[in-house]
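The values are calculated or read from the model by the stated rules, or taken from the named source; none is laboratory data. No experiment lies behind these values; they were computed from the predicted model shown. Every residue, glycine among them, receives a Cβ derived from its backbone with ideal geometry; neighbour counts consider all protein chains shown. Remember, those area values only see protein heavy atoms, side chains included, never the ligands or the DNA or RNA. Shrake-Rupley method; radii C 1.70, N 1.55, O 1.52, S 1.80 Å.
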Amino acid sequence: LWKNFDTACSEAYALSQAHFDAEEQQRQNNLVDRENICHDYEALEQSTNWDSPDWRDVDKQTRTLQNRWRNSAPVSRRHWTSILERYKSAEIAVEALLKDERRINQNKREGLIKKLEALQNHDDLEEALQAARDAQRAWQPTVTGRRSDEQKLWKRFRAAADAIFARDKERQETERSEINTILDKKTSVCVAAEQLASADSISSGDITKLRSQWNEIEPVNNKQAKTLER
């Protein structure tokens, strides 16, 4: 009985061992991937000219490395502590060099937000609109912050800019409404003139009245107004 049981166990364990061996090989491959990430992070810190760096490129490489690390598969438990320490050490070294530039960007964009917030009810809407457009062009940072911080900043910025653009939209809608009212008046005079033109008799007073009505309407310079003029 024992011999039969031991043989059955050995056969079952052989199948399991093949599975365990494959898993271990995969974890070894994952470890190599993580070691490469650490190597690239360390190389970034060592090869960059920190006296005049390309901040946007460094920031892009940093975020790429962080994403690679987050998306990497698990490694063996016995290797996890050491590889994590190596990664954190490389990350902290680069982050220390990015810290001042990130703070400068943070302060700059805080300033843009405060400027737009102060211009939301500014009497000179054109000046406020120009400031909002300039702020949009100046917004993109050289070094980004944490995702949550970036989202909060962007939300505040959009709210301040949108308040100004909403005023412009409201103004445009009001102007369109006023123009449409003027065009309706011009159209009415044109209809009256066409009706008069087909009448059996026309007096100079009728023509004078139409001209007077036309001249009292505010001028509009657009395609439809020119068509009515003709």
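When both segment 151-230 and segment 1-63 are represented by their alpha-carbon centers, they are found 71 Å apart.
Size descriptors for segment 88-230: radius of gyration and Dmax over Cα atoms are 28.0, 99 Å. Of all lysines in the structure, those lying under 23 Å Cα to Cα from residue 114, and not within fewer than 8 positions of it along the same chain, are 99, 152, 155, 169.
Order these peptides, 125-138, 15-28, by their mean beta-carbon neighbour count within 10 angstrom, highest first.
Result, highest mean Cβ count within 10 Å first: 125-138, 15-28.
Solvent exposure of segment 101-163 amounts to 61 Å² per residue of accessible area, where only protein heavy atoms count and the probe is 1.4 Å. Sorting the segments 98-108, 199-209, 70-80 by their mean number of nearby beta carbons within 10 angstrom, highest to lowest, gives 98-108, 70-80, 199-209. The mean of 1/r over all distinct Cα pairs in segment 59-160, once inverted, gives the Kirkwood hydrodynamic radius of 16.3 Å.
Going from most exposed to least, what order do 58, 220 have by accessible area with a 1.4 Å probe?
Greatest to least solvent exposure: 220, 58.
A 1.4 Å probe, protein heavy atoms only, puts the accessible area of residue 155 near 150 Å².
If you build the Cα gyration tensor of segment 1-112 and take the root of 5 times each eigenvalue, what three semi-axes come out, in whole angstrom, biggest first?
Working: eigenvalues 457, 32, 21 Å².
Over the Cα atoms of segment 1-112, the semi-axes work out to 48, 13, 10 Å.
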